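The values are calculated or read from the model by the stated rules, or taken from the named source; none is laboratory data. Bear in mind the structure is a predicted one, so any value in this text is a computation, not a measurement. A quick note on method: Cβ atoms are made from the backbone with ideal geometry, for glycine too, and the neighbour counts reach across all protein chains shown. The accessibility values were calculated without ligands, DNA or RNA, using every heavy atom of the protein model including side chains. Shrake-Rupley method; radii C 1.70, N 1.55, O 1.52, S 1.80 Å.
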Amino acid sequence: MKSIFKPLTGKGLFILLVVGIFSMSANCSQSGKLTLAKGGKALYSIVLPDSPTAVESTAAKELKKYLDEITGAGFAIVSESKANNAIPQIVVGNSRRTKALLPNVDVDKLSYDGIVIETAEKNIILTGHPTRGTLYAVNTFLEDAAGVRWWTSAESSVPKNKKLTVPQLHLHYAPQLIYREAYYKDAEYDEMFSVRMKCNGAAQISPEHGDHHKFQYFVHSFYPILPPATYFDKHPEWYSLIDGKRTFQHAQLCLSNEEMCRQFITNALGTLHENPDAGFISISQNDGHGACRCEQCQAIVREEGSEAGPLIRFVNSVAEAIEKEFPDVWVETLAYQYTRKAPLKVKPRNNVVVRLCSIECSFSQPLGEGEQNKSFREDMEAWSKIADHLFVWNYVTNFSSYMLPQPNIHTLADDIRFFVRNNTIGLFEQGDIYCDAGDFVRMRNWVVSRLMWNPELDENQLIDEFLTGYYGEKAAPYLRKYWDLLTAACRESGVYLRCYMHVTDGWLSVPVYAEAAGLMKQALDVTKDETLRNRLRREEIPLKYVLLLENERFKTYEKETGNLPLTLPDPEQALDEFMALLKEFNVTMCWEDFSENPHHLPRLEQTLRSKLFPEQK
């Protein structure tokens with residue numbers, strides 16, 4: 001995929017084409033409804049261009065699949081040259097028929113990922129930006145006009161209605177975030193679900209589903225491009241000077257070294273020649289610290305007021321060389337840890353994208369407000385003044401323990417809006433990619449994905465819709481109270497909720513825990529359907545984990561107060577049941593771990609056993 005920015009300029013890109021319209025229901029005339037099927041018979045045909053793109057063909061098949069499932073009818077897909085124009089049509093993609101029905105819409109000039117859903121007399125047109133807009137238009141139509149909901153890759157709600165009517169539709173929309181990736185297991189590994197969630201960053205998305213943004217190196221590329229094993233012995237001066245010694249251990253590059261820069265450029269160009277489909281190349285620091293302390297590098301730091309000074313000057317040099325041979329490739333770098341503060345003088349070149357990382361932040365408060373995240377907010381605002389295009393790497397899980405409650409869902413919408421206000425056009429929301437049963441991960445993925453597509457949606461309505469649609473109408477009120485309770489407890493505690501938390505004692509008191517457990521039990525008690533009950537049993541895992549991991553503080557509370565607002569289970573039985581629950585729901589990784597054989601479950605069981613039975617150590 002080539003450049004996604006070049007046809008567009010300025011800061012007001014990727015905006016809503018019909019200002020103020022953000023939902024299908026708000027943008028539909030309630031008069032003159034169109035009947036697509038009646039009595040199990042299709043009254044419309046699905047019309048494709050004579051030479052459809054792979055994405056247009058996929059979109060038509062997706063539309064037919066769900067219209068057939070809803071109505072029990074068999075909708076025909078026909079090419080425009082064979083279509084009977086006397087029969088009402090759902091026109092999919094950019095065809096002569098589309099141009100005839102919508103003469104004022106130039107699909108080739110739509111903003112990236114933009115969609116058009118229009119009605120012309122009795123005909124419905126579903127089209128969009130050539131890359132994947134038509135597929136997004138079809139999915140939006142199925143959701144907002146036909147009532148389909150995809151909760152997960154394997155779980156959906158599809159209404160049954162032999163008479164399907166839809167209102168007249170007039171929606172033109174393009175997302176402000178042109179790169180959208182929710183890094184959850186379900187979203188990453190199922191391409192159709194990624195597309196239905198309108199995410200476009202997952203590497204598994206194939207060309208027929210709109211493809212994905214291709215990176216040459218995704219992050220931390222200094223050493224992959226200039227490996228110490230190849231260069232350090234002959235050129236130690238190319239690597240960091242730390243404590244008076246050149247080193248590549250826990251270090252970076254000497255960014256002021258011009259000879260190193262020339263070799264780096266040669267290698268970077270070489271890797272792009274080997275990977276001509278790349279739309280981005282990451283030119284970014286190694287993970288961790290270890291900046292060069294030589295006088296030349298530090299003189300730039302003093303001049304720029306930040307370690308980002310030598311980094312951006314170096315990246316600009318590389319980006320200038322890359323642009324000459326690869327004018328459509330974007331050069332991405334990080335504002336991460338020691339480089340997060342924006343430089344005072346140098347500005348990123350126009351083909352450079354800076355990705356800010358929020359790893360140090362507190363996620364109990366929105367990033368755009370409050371004292372806990374003041375420094376990040378100031379850094380973001382400073383970068384937005386010198387860079388037209390920013391990416392954000394945001395952390396929306398607890399990497400130390402996927403199983404612990406992490407009540408940050410109330411901040412996610414405000415954070416996305418804050419990013420967009422500050423020139424962010426790409427967002428990587430790093431969630432529980434390795435975990436099947438973390439803290440409501442399916443709801444998190446669903447809510448985050450929808451907000452990335454449209455930050456102006458009401459997050460509370462999204463949460464309520466998911467709770468009701470996925471867990472059932474009876475359980476939903478208790479689950480909503482559960483989330484409101486944990487959210488309030490976290491906010492009121494003032495805890496600095498990091499993305500690395502080992503326990504909950506900083507915000508989850510014993511009385512609040514007992515109330516939360518009671519709400520979860522009530523949700524289970526009113527739910528009789530086995531499928532819904534199993535979904536709830538999976539979401540109960542975090543509470544059960546807290547009780548085992550922090551068992552001692554519950555006992556201490558009882559000793560100090562003389563009262564415990566819940567009954568502690570038999571520890572041996574509770575541990576056995578918990579481990580069985582993890583196996584039942586296919587939990588294999590319980591925390592972030594990049595080793596090939598993590599063996600999390602035995603290690604977790606050993607840890608919990610030592611907490612429950614300290615006398616056995």
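For segment 599-617, which positions are over 19 Å from Met501 (Cβ atoms) and either hydrophobic (A, V, I, L, M, F, W, C) or open to solvent by 50 Å² or more (accessible area, probe 1.4 Å) (or both)? Write out each step before concluding.
Start the filter on segment 599-617 by keeping residues that are over 19 Å from Met501 (Cβ atoms), which leaves 599, 601-602, 605-606, 609-610, 612-617.
Within segment 599-617, His599, Leu601, Pro602, Glu605, Gln606, Arg609, Leu612, Phe613, Pro614, Glu615, Gln616, Lys617 meet the criteria.
Taking segment 506-542 as the search range and keeping residues that are of a type in the set (Ser, Thr, Tyr) and farther than 19 Å from Ser364 by Cβ, which one is surrounded by the fewest Cβ atoms within 10 Å (Cβ to Cβ)?
The selected residue is Thr531.
If only one of Ser317, Ser362, Ser284 is of a type in the set (Ser, Thr, Tyr) and within 30 Å of Gly506 (Cβ to Cβ), which one is it?
Details: Ser317 fails: within 30 Å of Gly506 (Cβ to Cβ); Ser284 fails: within 30 Å of Gly506 (Cβ to Cβ).
The conditions single out Ser362.
Out of Glu596, Glu492, Glu558, I need the residue that is open to solvent by 40 Å² or more (accessible area, probe 1.4 Å), more than 30 Å from Asn373 (Cβ to Cβ) and in a helix (DSSP H, G or I). Which one?
Working: Glu596 fails: in a helix (DSSP H, G or I); Glu492 fails: more than 30 Å from Asn373 (Cβ to Cβ).
None of the others qualify; the one that does is Glu558.
Out of (1) in a loop (DSSP other than H, G, I, E, B); (2) out of contact with any Gly (no Cβ under 8 Å at 6 or more places or on another chain); (3) crowded, with 19+ Cβ neighbours inside 10 Å; (4) not polar (S, T, N, Q), what's the single condition that is false for Asp432?
That leaves (2) as the condition not met.
Criterion first (open to solvent by less than 10 Å² (accessible area, probe 1.4 Å), touching a Ser or Thr at 6+ places or on another chain (Cβ under 7 Å) and closer than 28 Å to Ser400 by Cα) does Gly426 satisfy it?
On the way: open to solvent by less than 10 Å² (accessible area, probe 1.4 Å): yes; touching a Ser or Thr at 6+ places or on another chain (Cβ under 7 Å): no; closer than 28 Å to Ser400 by Cα: yes.
Judged against the criteria, Gly426 is not a match.
In segment 248-300, what count of residues is obtained for those that are surrounded by 21 or more Cβ atoms within 10 Å (Cβ to Cβ), outside any loop (DSSP other than H, G, I, E, B), aliphatic (A, V, I, L, M) and over 31 Å from the mean Cα position of the chain (by Cα)?
1
Grab the helices (runs of 4 or more DSSP H) fully contained in segment 165-241, keeping just those with 1 or more residues being open to solvent by 10 Å² or more (accessible area, probe 1.4 Å) and farther than 21 Å from Trp151 by Cα.
Numbers: elements: 185-189, 191-196, 222-225, 228-231.
By residue number, 222-225, 228-231.
For segment 201-224, enumerate the residues that are modelled with pLDDT of 95 or more and under 23 Å from Ile409 (Cβ atoms).
none
Could you tell me whether segment 496-508 includes any residue that is part of a helix (DSSP H, G or I) and either under 30 Å from Arg421 (Cβ atoms) or of a type in the set (A, V, I, L, M) (or both)?
Filtering segment 496-508 down to residues part of a helix (DSSP H, G or I) leaves none.
No: zero hits.
Between residues in segment 368-379 that are within 11 Å of Asp414 (Cβ to Cβ) and residues that are assigned to a helix (DSSP H, G or I) and open to solvent by less than 30 Å² (accessible area, probe 1.4 Å), which pairs lie under 9 Å by C-beta distance while being six or more apart or on different chains?
Gly368/Met380; Gly368/Asp415; Gly368/Phe418; Gly368/Phe419; Glu369/Phe418
Looking at Met579, Met589 in this structure, which one is closer than 22 Å to Lys185 by Cα and either in a loop (DSSP other than H, G, I, E, B) or touching a strand residue (DSSP E or B) at 6+ places or on another chain (Cβ under 9 Å) (or both)?
Met589
List every residue pair whose Cβ atoms lie under 6 Å apart, where the two residues are 6 or more positions apart in sequence or sit on different chains, the first residue falls within segment 179-199 and is touching a residue at least 60 places away in the same chain (Cβ under 8 Å), and the second residue, located anywhere, is among the hydroxyl-bearing types (Ser, Thr, Tyr) and open to solvent by 30 Å² or more (accessible area, probe 1.4 Å).
Final answer for the pair search is Asp186/Ser153.
Identify the residue in segment 388-397 that is over 15 Å from the mean Cα position of the chain (by Cα) and part of a loop (DSSP other than H, G, I, E, B) and, among all such residues, is surrounded by the most Cβ atoms within 10 Å (Cβ to Cβ).
Residues of segment 388-397 that are over 15 Å from the mean Cα position of the chain (by Cα), as a first pass: 388-390.
Retained after the next criterion (residues that are part of a loop (DSSP other than H, G, I, E, B)): 388-389.
On the way: Asp388: 17, His389: 20.
Among those residues, the one meeting the criterion is His389.
Name every residue in segment 337-365 that is surrounded by fewer than 20 Cβ atoms within 10 Å (Cβ to Cβ) and either within 24 Å of the chain's Cα centre (by Cα) or in a loop (DSSP other than H, G, I, E, B) (or both), in order of residue number. Before you say what the answer is, go through the steps one by one.
Just the residues of segment 337-365 that are surrounded by fewer than 20 Cβ atoms within 10 Å (Cβ to Cβ), to begin with: 337-338, 341, 344-345, 347, 349-350, 359-360.
Within segment 337-365, Gln337, Lys341, Leu344, Lys345, Lys347, Arg349, Asn350, Ile359, Glu360 qualify.
Results for (1) assigned to a helix (DSSP H, G or I); (2) within 30 Å of Thr468 (Cβ to Cβ); (3) of a type in the set (Lys, Arg), shown as yes or no for each residue.
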residue	(1), (2), (3)
Ala517	yes, yes, no
Gln522	yes, yes, no
Thr527	no, yes, no
Arg533	yes, yes, yes
Leu536	yes, yes, no
Pro542	yes, yes, no
Leu547	yes, yes, no
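Can you tell me which residue in segment 301-311 is farthest from Leu356 (Cα to Cα), limited to those that are crowded, with 24+ Cβ neighbours inside 10 Å and among the aliphatic types (A, V, I, L, M)?
Leu311
Which residue out of Asn445, Asn454 is surrounded by 21 or more Cβ atoms within 10 Å (Cβ to Cβ), in contact (Cβ under 8 Å) with a residue 24 or more places away in the chain and among the polar types (S, T, N, Q)?
On the way: Asn454 fails: surrounded by 21 or more Cβ atoms within 10 Å (Cβ to Cβ).
Being surrounded by 21 or more Cβ atoms within 10 Å (Cβ to Cβ), in contact (Cβ under 8 Å) with a residue 24 or more places away in the chain and among the polar types (S, T, N, Q) holds for just one of Asn445, Asn454, which is Asn445.
Among the residues of segment 561-583, how many are surrounded by 13 or more Cβ atoms within 10 Å (Cβ to Cβ) and farther than 24 Å from Pro511 by Cα?
Summing the residues that are surrounded by 13 or more Cβ atoms within 10 Å (Cβ to Cβ) and farther than 24 Å from Pro511 by Cα in segment 561-583 gives 3.
Show me the helices (runs of 4 or more DSSP H) entirely contained within segment 47-150 in which 3 or more residues are out of contact with any helix residue (DSSP H, G or I) (no Cβ under 8 Å at 6 or more places or on another chain), open to solvent by less than 50 Å² (accessible area, probe 1.4 Å) and farther than 23 Å from Met452 by Cα. Write out each step before concluding.
Details: elements: 54-71, 96-101, 133-144.
Hits in segment 47-150: 54-71.
Of the numbered conditions (1) hydrophobic (A, V, I, L, M, F, W, C); (2) under 22 Å from Glu577 (Cβ atoms); (3) in contact (Cβ under 8 Å) with a residue 60 or more places away in the chain, Met501 fails exactly one; give the number of that condition.
Exception for Met501: condition (2).
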